[in-house]
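First the structure, in the form of structure tokens, and then the observations on it.
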Protein chains: 6
Amino acid sequence: MRPSGRAPDEMRAITIETGFTKHAEGSCLVGFGDTRVLVTASIEERVPPFLRGKGQGWVTGEYSMLPRATHTRGSREAAKGKQSGRTQEIQRLIGRSLRAVVDLEKLGERQIVLDCDVIQADGGTRTASISGAWVALRLAVNGLLKSGALTQDPIVSRVAAVSCGICNGVPVLDLDYIEDSNADADANFVLLDGGKIAEVQATAEGATYDEEALLRLLRLARIGCDRIFAAQDAAIGA
Amino acid sequence: MRPSGRAPDEMRAITIETGFTKHAEGSCLVGFGDTRVLVTASIEERVPPFLRGKGQGWVTGEYSMLPRATHTRGSREAAKGKQSGRTQEIQRLIGRSLRAVVDLEKLGERQIVLDCDVIQADGGTRTASISGAWVALRLAVNGLLKSGALTQDPIVSRVAAVSCGICNGVPVLDLDYIEDSNADADANFVLLDGGKIAEVQATAEGATYDEEALLRLLRLARIGCDRIFAAQDAAIGA
Amino acid sequence: MRPSGRAPDEMRAITIETGFTKHAEGSCLVGFGDTRVLVTASIEERVPPFLRGKGQGWVTGEYSMLPRATHTRGSREAAKGKQSGRTQEIQRLIGRSLRAVVDLEKLGERQIVLDCDVIQADGGTRTASISGAWVALRLAVNGLLKSGALTQDPIVSRVAAVSCGICNGVPVLDLDYIEDSNADADANFVLLDGGKIAEVQATAEGATYDEEALLRLLRLARIGCDRIFAAQDAAIGA
Amino acid sequence: MRPSGRAPDEMRAITIETGFTKHAEGSCLVGFGDTRVLVTASIEERVPPFLRGKGQGWVTGEYSMLPRATHTRGSREAAKGKQSGRTQEIQRLIGRSLRAVVDLEKLGERQIVLDCDVIQADGGTRTASISGAWVALRLAVNGLLKSGALTQDPIVSRVAAVSCGICNGVPVLDLDYIEDSNADADANFVLLDGGKIAEVQATAEGATYDEEALLRLLRLARIGCDRIFAAQDAAIGA
Amino acid sequence: MRPSGRAPDEMRAITIETGFTKHAEGSCLVGFGDTRVLVTASIEERVPPFLRGKGQGWVTGEYSMLPRATHTRGSREAAKGKQSGRTQEIQRLIGRSLRAVVDLEKLGERQIVLDCDVIQADGGTRTASISGAWVALRLAVNGLLKSGALTQDPIVSRVAAVSCGICNGVPVLDLDYIEDSNADADANFVLLDGGKIAEVQATAEGATYDEEALLRLLRLARIGCDRIFAAQDAAIGA
Amino acid sequence: MRPSGRAPDEMRAITIETGFTKHAEGSCLVGFGDTRVLVTASIEERVPPFLRGKGQGWVTGEYSMLPRATHTRGSREAAKGKQSGRTQEIQRLIGRSLRAVVDLEKLGERQIVLDCDVIQADGGTRTASISGAWVALRLAVNGLLKSGALTQDPIVSRVAAVSCGICNGVPVLDLDYIEDSNADADANFVLLDGGKIAEVQATAEGATYDEEALLRLLRLARIGCDRIFAAQDAAIGA
């Protein structure tokens, strides 16, 4: 029995509220249960220095937790003067995951920054961030297509992410904070349309795992991502 | 005529949604028109080093803008590795304003941190932060009173803040971004119950001002703060 | 009775020694009683990035306390690797105050940096800094006029600053350190020729204050600034 | 055909030279082909603050590239004043991988730091680091056992790591720099005795991959880790 | 002929004005010609962590240039967020030089910090700093002796420093900025009573030098330091 | 009797292994006894900003200790976020010493960076670094000459460095760690062909020294540098 009473292959409620802020070219407040992340997509008509003049665009992500997103207050990274290793690792994952579904040449010489700010944390903040970032990106690119700045759609697939883990010996989908804290193994999957894999990060926490377990977690992830794809479609009105 | 069509002494709509996040001891999403700030109050059962063993508590504030709270995306201070002078100035003002209404000895040896994170900016983010922080603080202290951790209420007054300015020669209340960008003078007032003043910061931007103008701005501030006090009362169910 | 024996509306001795250092285009050692600040004005034939090509100049300020300007030694900000919020707040105030009396277009595409380094602190370091900075600026601009680099004077007024406060219930002018540490309210006024106001920052420390008190502090500030204007005139030989 | 002429399931030459430095409690220079990493294990008779008094030890890793380990010189992170996201991500992986094979309670209240400094880089620096770190850790723990500081061996398994990837559509083992730069997918596996998995990180670079590919990469990783286990055994004289 | 018209073995005017600031336990404004450095000695009744409980004291130095001490304005190190290599090198030299004349056990468990802030620079700022620091230290220690906090004098000798160099092939004493910028070799000597050497730092700039030149510079340094010792004695009223 | 049993004027074994890494344009692993430093020379076809367009090149050095090069592990400077004063002082010395033997105009508009990373420390790491850096530089410049990028040799002399000190009253050559920790005086000499001096840094540690001692240390340094010159010649096959 899971602490939340969910079945092993059951996602928490997925909520995606688009247009949460008025300035961003795309935005949403994404919720996986009590985890809530505000994602904004900002279009900048320039690219990072290493890409200047190469005829392609860039998609990148930034991530942060508000200090009291968690049970006990964490120090503000801006006050400490540096971002933690965890923050940087998650930022890199977000950017990589979204770039996996964008044709950067079709995007043209512009950058889209996906800011993921965790308002409330209850496990799965990075996977909610990636799943919401796709919606914000989709909305921002829709604007570019509508205005004529782009004539071809650079987004080649949907992308969603979900965590799975082994808790008390049972593979389960979409861990909340209590499960995450006690899991024997913890995996994040980033999947595309048609079940293609963009990223697997599977870590033994207390006990190691075997090939069979890895496959079972992957199958749970497919179930979860199908649910997320449907929520993304609903959010963008597809 | 103001860009928003408001009368000179007219506040924007004030919205205060309490309990916006589940972990904080007190929280609200405060809105002054399109400006929206998430405020959380976190109780910590310890005080800063300079107060250890002195038999009193502390109230402090932190402030941040989400990168895309504004028209164009700003860099994340955590990524730059330091907080701007503006951020630090606002943080100091928030802490000072709230301490003006708290009897720190009655609070006991604990600290309450008021985190003000601007979700969307349209002028007046620091005054909305202070006004919302009082609500979050009130809720957090209510919890301490209810649990018996405190037996006497350390909050001695309400506190609210509002900006006023001189735009096109006319003193106006509660500037939005467009007015703020073009004001000849820009003032922030922090007021308490009964019209007592906790802080005045009045700055000439393009043109200097005189004593008469300062007084007219102060009178507008009283009108605005009365509106905010009413919204605070409604929010906490007083 | 004030600790110094001064009358409530009595300034400390104001001393302004021009030409204190030989390299700066303008400089003075300004004293308000035992508070002594070395101010230099440095002319740079370039403007900050955000002003490039806009046909105007810039005036900015920097502020620092020598480690042993105070009763007990403070850490060197360069050693700590960052400037405190207080330092940044004062720097911003100095720059803003001086820009209030300069026509930046007439200044041309150059920057004048006013460095205020506190040699000895006894209350009022920021107001002495601003008052001295005007002298250093005046001397530097005089040099530009004399050399023909400027043909029109970009300085449109004198500017001076002074602190006032309520001590033991009595409004007093130009607080020294002992008064400053115990004041119920503490205000800094930046005034121009003819009594126009550039900035008011009035903060309740222990007790809040009312409109009447604010006005009485402002009137004391006028008395003080008139004394400072006279000292500035004497210093530049006007 | 691979650029190196190796078969798809062929590792590069593995070299492990123990005792490379005289001060460390354990050390080796590990080579995977032209990739060479100096690993030292340092025993410290204290634990990080979050573990004090909890009756257990800690194992952690640090990682750095010498500036000219690579084709073109990289800036020194100490000179830039911060470690890159990549460095921090790798450090976290090294620590996690080694902790997966240590019983921290048996280790007692001490910390072992595994410093991995890349002397020369040709792909696979993180996997060589982990594989060499196990040898340095083993040697350091042997010393503790020999001296009687430990009576029970806290190391519960060998651990090794290897990269695999899909290059030109073919799954291959132990990518060198040229392959790594052009791989469609790039995976790092951390495996234990008996084929148990401690960590999988599999990232699509240009093309996404499917479950079948993931399994084929995992099987290659088993082949590689068996080779590394044998080299580890030889190095420690097992 | 030297630019200043001085003879090769002629020092610039040495001025030492004691009691320049009122808070420090010892202070002076030291001048070597146009070079002027404010030195304060601060007594702290604690020692750095590495000396706690060892029954001895510590003497250390800090050094900074005011931004406009030089011909063109330099950035403030506090604003840049770090001290330059040059600053750190000079700080270390100041501390080492003063420790060379203090019996740290006799000083007891307290620290004396010598802050050297360059008001105006014209060559020789580090040597003026050391020479002035001895005076400030002497005054601070005199206070400890007078108050009875110390019963034995921990200062075992005078210490002075001077620069020498080879300019246009001629060894000269006490280089000013013009000479320093063009010297073939530049040496700083720190000498004690009776001609004992605490430190020699002799650097070839354009041309290397030989043993004979090194000795000639050392002899000039003795002449200079005798002049400084006399000025120190006069300053402290010895 | 020295701890190592060496005669007062006896160097430790000097080893110079060239080509230690494959990417650098020049490299060696230099050993003075148990002290071992990896030096790489990297050629960059650009110069630092202050030299752009001036028709000359630049030679600079960087220095670092691996965390466990020493008896007890030191913190990684990259993790602490800044380089120590000692590191910066040594870096500046390395750069200055090598520039003393390079005609920067003949080098053309390129920079050579000499990275000195201490693998194992046993005293004399800075002198081994300089001595090895000359070899790495020589090899890198040989490559430029061979490729035709340079037609004239910009290296005008060999340069070597060695430490000398007074231990138990006896002047000795090439101090190891034990001697270095207990020396009364410690000096580093940087010498060129024919005995010309590039740099002397001689510091009294416990006892001051006199002119006679300085000369005796210099004579020992000549003996040591002759040995190093011979080892450099052997390493480059001269």
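Just so you know, all these numbers are worked out from the coordinates, no wet-lab data involved. For clarity, every value in this text was computed on a predicted model and none was experimentally measured. Virtual Cβ from ideal backbone geometry, glycine too; neighbours counted across all protein chains shown.
What nm distances, shortest first, do you get from the label point of residue C:50 to those in the other copies when the point sits 7 angstrom along Cα to Cβ?
The projected label point of residue C:50 is separated from its counterparts by 2.9, 2.9, 2.9, 3.8, 4.3 nm.
Roughly speaking, what is the centre-to-centre gap between the range C:1-25 and the range F:197-229 when only Cα atoms are used, to the nearest Å?
So the separation of the two Cα centres works out to 54 Å.
Shortest first, in nm, what separates the label point of residue B:157 from those of the same position in the other copies (7 Å along Cα→Cβ)?
With the label placed 7 Å along Cα→Cβ, residue B:157 yields 3.1, 6.2, 6.5, 6.5, 7.6 nm.
Below 17 Å, Cα to Cα, which lysines can residue D:82 reach? Residues fewer than 8 away in the same chain don't count.
Correct list for residue D:82: A:80, A:82, B:80, B:82, C:80, C:82, E:80, E:82, F:80, F:82.
Assuming R0 = 60 Å, can you tell me the calculated FRET efficiency for the pair residue B:1 and residue A:207, based on Cβ-Cβ distance, to the nearest 0.05? Kindly include the intermediate steps, with their values, before the conclusion.
Values: r = 70 Å, r/R0 = 1.17.
In this case the efficiency is close to 0.30.
If Lys and Arg each add +1 and Asp and Glu each add -1, what is the summed charge of the other residues whose beta carbon sits under 11 Å from the beta carbon of residue C:94?
Details: positive: C:92, C:96, C:99, C:126; negative: C:62, C:89, C:115, C:199.
Net of charged neighbours comes to 0.
Placing +1 at every Lys and Arg Cβ and -1 at every Asp and Glu Cβ, with all other atoms neutral, what dipole size does the range D:14-236 have around its Cα centre, in debye to the nearest 20?
Working: 25 positive and 29 negative charges, 162 e Å.
About 780 debye.
Hey, got the average number of other protein chain Cβ atoms within 10 angstrom for residues in D:17-26? Please report the intermediate quantities before stating the final value.
Details: counts 0, 0, 0, 3, 9, 6, 10, 8, 2, 1.
What the average comes to for D:17-26 is 4.
With labels modelled as points extended 7 Å from the Cα through the Cβ direction, what inter-label distance (nm, one decimal) is found for residue B:106 paired with residue A:193?
Calculated label separation equals 6.3 nm.
Projecting each Cα onto the charge dipole of chain C (Lys/Arg +1, Asp/Glu -1 at the beta carbon, about the Cα centre), which of C:197, C:232, C:87 comes out farthest on the positive side?
Checking the options against the dipole of chain C, the answer is C:87.
If you average 1/r over all unlike Cα pairs in the range A:14-236 and invert the result, what Kirkwood radius do you get in angstrom?
On the way: mean 1/r = 0.0561 Å⁻¹.
Over the range A:14-236, the inverse of the mean reciprocal pair distance is 17.8 Å.
By per-residue mean of other Cβ atoms within 10 Å, what is the highest-first order of D:174-180, F:196-202? Provide the component values of the computation, followed by the final result.
Details: D:174-180: 21.4, F:196-202: 23.1.
Put in order of decreasing packing, that is F:196-202, D:174-180.
What does the C-alpha gyration tensor say about the overall shape of the protein assembly as shown? Classify as rounded when a/c is under 1.5, otherwise prolate if a/b is larger than b/c, or oblate.
In terms of gyration-tensor shape, oblate.
Just tell me which lysines come within less than 16 Å, Cα to Cα, of residue F:106; anything on the same chain fewer than 8 places away is out.
The reachable lysines, counting only those whose Cα sits under 16 Å from residue F:106, are F:54, F:146.
At 7 Å along the Cα-to-beta-carbon direction for both residue F:216 and residue E:71, put a label point, then send me their distance in nm to one decimal.
Going from the residue F:216 label point to the residue E:71 one covers 4.5 nm.
Determine the shielding of peptide C:159-168 by partner chains: average, over its residues, the number of Cβ atoms on other chains within 10 angstrom of each Cβ.
Working: counts 1, 0, 0, 0, 0, 0, 0, 0, 0, 0.
Average neighbour count from other chains, rounded to a whole number: 0.
What is the mean number of Cβ atoms from other protein chains located within 10 Å of the Cβ atom of each residue in peptide F:211-223, rounded to a whole number?
On the way: counts 9, 0, 2, 6, 4, 0, 0, 3, 1, 0, 0, 1, 0.
Counting Cβ atoms of other protein chains within 10 Å of each residue's Cβ and averaging gives 2.
Report the calculated FRET efficiency for residue C:145 and residue F:80 (r = Cβ-Cβ distance, R0 = 41 Å), to the nearest 0.05.
0.25
Sorted by average packing, counted as other Cβ atoms within 10 angstrom per residue and highest first, what order do E:182-190, B:1-9 take?
E:182-190, B:1-9
Along Cα→Cβ, 7 Å out, is where each label goes; now give me the distance between the ones at residue B:170 and residue B:22 in nm to one decimal.
4.8 nm
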